[in-house]
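Notes for the one structure printed next.
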Amino acid sequence: MAVMSALLNRPFVKMNGIGNDIVVLDLRADSAPVTAADAQAIARKEAVPFDQLMVLYPPRVGGTDAFVRIYNNDGSEAGACGNGMRCVVSRDVKRTGKHDFVYETRAGLIPAHFENENTITVDMGKPRFDWRDIPLAEEFRDTRMIELQIGPIDAPVLHSPSVVSMGNPHAIFWVDDPYAYDLEKFGPLLENHPIFPERANISLASVKDREHIVMRTWERGAGLTKACGSAACAVAVSAARTKRTGRKVHLALPGGNLFIEWRDSDDHVLMTGPAEFEFEGVLDEKILNTAPAA
């Protein structure tokens, strides 16, 4: 039997960040617990499918605008979601009239600036390169390239990824054409590879020149996605770290384009892109897959 959810009748907003499907649920005025089952129910095809659910709670740290918990569509939690944060900023601009915000997430404090709906910049913080911080299951002193491959030993299909944490674990395979691979097939295998104890986001990236990269991502807990903001940051940082590009790059993802700067002054990664409103609604029994109250 379905169980009543504490989220019943709560308003939500459906948005996207260059095709990354986002649901924003603002619980700052009246907090309620969100369970993995709630996230899975909302994400069903017949409900409000999303890649990430951004749940806003009252601030826990002075000077911040909200504590944000981020759920993938499988009910697991993510530490960071750059595309989702831009959607949150877009809604808070309309609510407050402000243009500068700071949010707390599991990955740390995330400052953000709103210029317009097409130009929202999120400070994703510093990348982490140590194998223990990503994390990896075994030591690799140089995470610019690790020993990992899919396919025959003498002719691997994918091999030698760069790995980094941008609040979430990321592995980037450098290829000539990201669209030439069946990422829907290889993604789950690599996401759940034993080398990644917390699973990982898997990206295929092709460097076109010193300022342009084409990429696709299989997102941990969400699957094949049109866009993943933290993955775009991971790709940009890893490209610069391996001398493939400079520290400012344009990235073309299936859903659209992002601009990433890995700032020299403090090593913070700034992601700039749009956020798009789709519709508003209320979490009813049908969406939450619950039984009506007796």
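The values are calculated or read from the model by the stated rules, or taken from the named source; none is laboratory data. Remember, predicted model here, so these are calculated numbers, not experimental data. Using ideal geometry, Cβ is built from the backbone for each residue, glycine included, and neighbour counts are taken over all protein chains shown. Just so you know, the surface numbers come from the protein's heavy atoms only, side chains and all, with ligands and any DNA or RNA stripped out. Shrake-Rupley method; radii C 1.70, N 1.55, O 1.52, S 1.80 Å.
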I'd like to verify a number: residues in segment 92-107 that are touching a Lys or Arg at 6+ places or on another chain (Cβ under 9 Å) and open to solvent by 30 Å² or more (accessible area, probe 1.4 Å), how many? 1
Say we look at segment 54-91 and pick out the residues that are in a strand (DSSP E or B) and more than 21 Å from Glu280 (Cα to Cα); which of these is most open to solvent (accessible area, probe 1.4 Å)? Glu77
Can you list residue pairs whose Cβ atoms sit under 7 Å apart, with the first residue in segment 86-98 being closer than 15 Å to Ile22 by Cα and the second being hydroxyl-bearing (Ser, Thr, Tyr)? Count only pairs 6 or more apart in sequence or on different chains. Val88/Tyr103
Which ones in segment 108-139 are assigned to a strand (DSSP E or B) and surrounded by 15 or more Cβ atoms within 10 Å (Cβ to Cβ)? Ile110, Pro111, Ala112, His113, Phe114, Ile120, Thr121, Val122, Asp123, Arg128
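For segment 149-163, state whether one or more residues are under 30 Å from Ile42 (Cβ atoms) and open to solvent by 30 Å² or more (accessible area, probe 1.4 Å).
Residues of segment 149-163 that are under 30 Å from Ile42 (Cβ atoms), as a first pass: none.
Among the residues of segment 149-163, not one is under 30 Å from Ile42 (Cβ atoms) and open to solvent by 30 Å² or more (accessible area, probe 1.4 Å), which makes the answer no.
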Is it fair to say Pro33 is assigned to a loop (DSSP other than H, G, I, E, B), at pLDDT 95 or above and open to solvent by 50 Å² or more (accessible area, probe 1.4 Å)? no
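Can you tell me which residue among Ile22, Ile42 is in contact with a Cys (Cβ under 6 Å, 6 or more places away or on another chain), of a type in the set (Val, Ile, Thr), under 19 Å from Thr225 (Cβ atoms) and open to solvent by less than 10 Å² (accessible area, probe 1.4 Å)?
Values: Ile42 fails: in contact with a Cys (Cβ under 6 Å, 6 or more places away or on another chain).
So the residue among Ile22, Ile42 that is in contact with a Cys (Cβ under 6 Å, 6 or more places away or on another chain), of a type in the set (Val, Ile, Thr), under 19 Å from Thr225 (Cβ atoms) and open to solvent by less than 10 Å² (accessible area, probe 1.4 Å) is Ile22.
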Cross-chain or 6+ apart pairs with Cβ under 7 Å, segment 261-280 first and more than 16 Å from Met85 (Cα to Cα) and of a type outside the set (A, V, I, L, M, F, W, C), then open to solvent by 80 Å² or more (accessible area, probe 1.4 Å) and part of a strand (DSSP E or B): Glu261/Lys248; Glu280/Pro11
Step by step: first the residues of segment 78-95, then only those that are modelled with pLDDT of 95 or more and charged (D, E, K, R), then the one that is farthest from Asp26 (Cα to Cα). Which residue is that? Arg86
Ser206: passes all of (1) farther than 19 Å from Met271 by Cβ; (2) in contact with an Asp or Glu (Cβ under 7 Å, 6 or more places away or on another chain); (3) part of a loop (DSSP other than H, G, I, E, B); (4) open to solvent by less than 10 Å² (accessible area, probe 1.4 Å) but (3)
Selection from segment 231-258 of residues that are crowded, with 23+ Cβ neighbours inside 10 Å and assigned to a loop (DSSP other than H, G, I, E, B): Thr245
Take segment 209-230 and flag every residue that is in contact (Cβ under 8 Å) with a residue 40 or more places away in the chain, in a strand (DSSP E or B) and polar (S, T, N, Q). Thr225
Of these, Ile42, Ile110, which one is in contact with a strand residue (DSSP E or B) (Cβ under 9 Å, 6 or more places away or on another chain), β-branched (Val, Ile, Thr) and over 23 Å from His268 (Cα atoms)? Ile42
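Could we say that Ile195 is more than 23 Å from Met85 (Cα to Cα), open to solvent by 30 Å² or more (accessible area, probe 1.4 Å), among the β-branched types (Val, Ile, Thr) and out of contact with any strand residue (DSSP E or B) (no Cβ under 6 Å at 6 or more places or on another chain) here? First the steps, then the outcome.
On the way: more than 23 Å from Met85 (Cα to Cα): yes; open to solvent by 30 Å² or more (accessible area, probe 1.4 Å): no; among the β-branched types (Val, Ile, Thr): yes; out of contact with any strand residue (DSSP E or B) (no Cβ under 6 Å at 6 or more places or on another chain): yes.
Criteria not met by Ile195.
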When Val164 is run through (1) under 15 Å from Val235 (Cβ atoms); (2) in contact with a His (Cβ under 9 Å, 6 or more places away or on another chain); (3) assigned to a loop (DSSP other than H, G, I, E, B), the failure sits at (3)
